[in-house]
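Peer 1: Provided herewith is a single structure, encoded as structure tokens, for subsequent inquiry.
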């Protein structure tokens, strides 16, 4: 998963999206945590709960799952090119 993400981040244009399916899987979740904690200046999470259809209770349930990082799909939008050279230490993930 890390190797895939390493190359995809360079292939993705600014304002492009990277989607992680099966985000609750441990290997995928590890990469998602890495992006959230260490690459936040380059990738911003897209809150997909705003686009969910269904009852208010169902949307609320999904919003809670999203807040706990327990969703099936996670989307990041690339906001800038760059790498971590000369930046702060990597955080534990």
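The values are calculated or read from the model by the stated rules, or taken from the named source; none is laboratory data. Because the structure is predicted, anything quoted here is derived from the model rather than measured. Here the Cβ positions follow ideal geometry from the backbone for every residue, glycine too, while neighbour counts run over all protein chains shown.
Peer 1: From the list 57, 65, 15, which residue is surrounded by fewer than 16 Cβ atoms within 10 Å (Cβ to Cβ) and part of a loop (DSSP other than H, G, I, E, B)?
Peer 2: 15
Peer 1: Here is a follow-up. Can you pull out the residues in region 62-72 that are more than 17 Å from residue 20 (Cα to Cα) and modelled with pLDDT under 85?
Peer 2: 63
Peer 1: While we're on this one: Surrounded by 12 or more Cβ atoms within 10 Å (Cβ to Cβ), in contact with a strand residue (DSSP E or B) (Cβ under 6 Å, 6 or more places away or on another chain), at pLDDT 90 or above and within 22 Å of residue 5 (Cα to Cα), is that true of residue 30?
Peer 2: no
Peer 1: What are the residues in region 37-51 that are within 15 Å of residue 72 (Cβ to Cβ) and surrounded by 13 or more Cβ atoms within 10 Å (Cβ to Cβ), if any?
Peer 2: 45, 46, 48, 49
Peer 1: May I ask you to list the residues in region 35-52 that are in contact with a helix residue (DSSP H, G or I) (Cβ under 8 Å, 6 or more places away or on another chain) and over 18 Å from residue 21 (Cβ atoms)?
Peer 2: Residues satisfying the conditions are 39, 42.
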